[in-house]
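Worksheet for the structure shown next.
Throughout, read-outs are computed from the coordinates displayed, never taken from laboratory work. Bear in mind the structure is a predicted one, so any value in this text is a computation, not a measurement. When we count neighbours, we look across all protein chains shown, and the Cβ atoms used for this are built from the backbone with ideal geometry, even at glycine.
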Amino acid sequence: MVLTLRGFKIHKELLDPTAQEALVEALRNVLKAAPLFRPDTPYGKPMSVRMTAAGTYGWFSDKSGYKYIPAHPNGQPWPEIPSQVLSIWDSVTGLERRPECCLINYYGPDAKMGMHRDHDEADFQWPVVSISLGDAALFRIGNTTRGGKTESIWLQSGDVVVMGGDARLCYHGVDRIRAGSSTLLPKGGRINLTLRVVD
């Protein structure tokens with residue numbers, strides 16, 4: 001089932017439990033090569049999520065601002081994006097162009113993500129694809145400018161969101177996590193994969 005909310009196409013339960021487990025298994029090697037880290041915001045405050053990445057680029061934040069970088073903070077190149085992840089991109093976008101970054105965010109029970117939009121990429125014609133694994137997250141969708149009315153939806157494990165077209169530059173965020181709502185991750189929490197064309 002595909003829901004459309006303010007131009008965001010939300011593929012509910014696109015990934016069945018077997019596909020979710022296979023995806024988590026594929027991510028284990030990525031996390032071994034590129035361990036999770038907690039970046040600082042430009043204001044010097046640590047983010048509540050931990051993150052890493054796969055692909056040509058990873059996303060990073062520190063006092064100098066938000067940016068894409070070609071290597072993990074430990075100096076190692078980012079590992080390749082797993083084929084299972086790329087297959088999801090292919091199925092929901094139908095594009096020949098593939099993402100150069102798979103941002104991996106881990107949300108603990110108290111983590112959240114403030115309202116933001118993805119605008120550090122070179123060309124906004126390409127969509128952003130978001131994959132949810134683990135505990136449910138209350139996803140808030142806003143407007144192309146800050147402020148105004150917003151709408152929210154619970155994203156469950158296996159849901160995939162496509163942000164493209166007029167929705168590509170809409171503000172969005174995660175208000176809270178419903179801890180314990182999924183047994184997919186042995187230690188609980190939520191993993192969010194965000195696929196982006198960078199160049």
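Listing for the model above:
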item	result
Region 161-199, subset more than 16 Å from ASP118 (Cβ to Cβ) and part of a strand (DSSP E or B), residue farthest from the chain's Cα centre (by Cα)	ARG178
Condition met for LEU31 (touching a residue at least 40 places away in the same chain (Cβ under 8 Å) and under 28 Å from SER152 (Cβ atoms))	no
Filtered residue count, region 178-196, keeping only those that are out of contact with any strand residue (DSSP E or B) (no Cβ under 8 Å at 6 or more places or on another chain) and of a type in the set (Val, Ile, Thr)	1
Test set (1) in contact (Cβ under 8 Å) with a residue 40 or more places away in the chain; (2) out of contact with any Asp or Glu (no Cβ under 8 Å at 6 or more places or on another chain); (3) surrounded by 14 or more Cβ atoms within 10 Å (Cβ to Cβ) - TRP59 fails condition number	(2)
Within region 35-70, tally of residues that are part of a strand (DSSP E or B) and either of a type outside the set (S, T, N, Q) or at positive phi (or both)	17
Region 71-116: number of residues that are among the hydrophobic types (A, V, I, L, M, F, W, C) and in a strand (DSSP E or B)	7
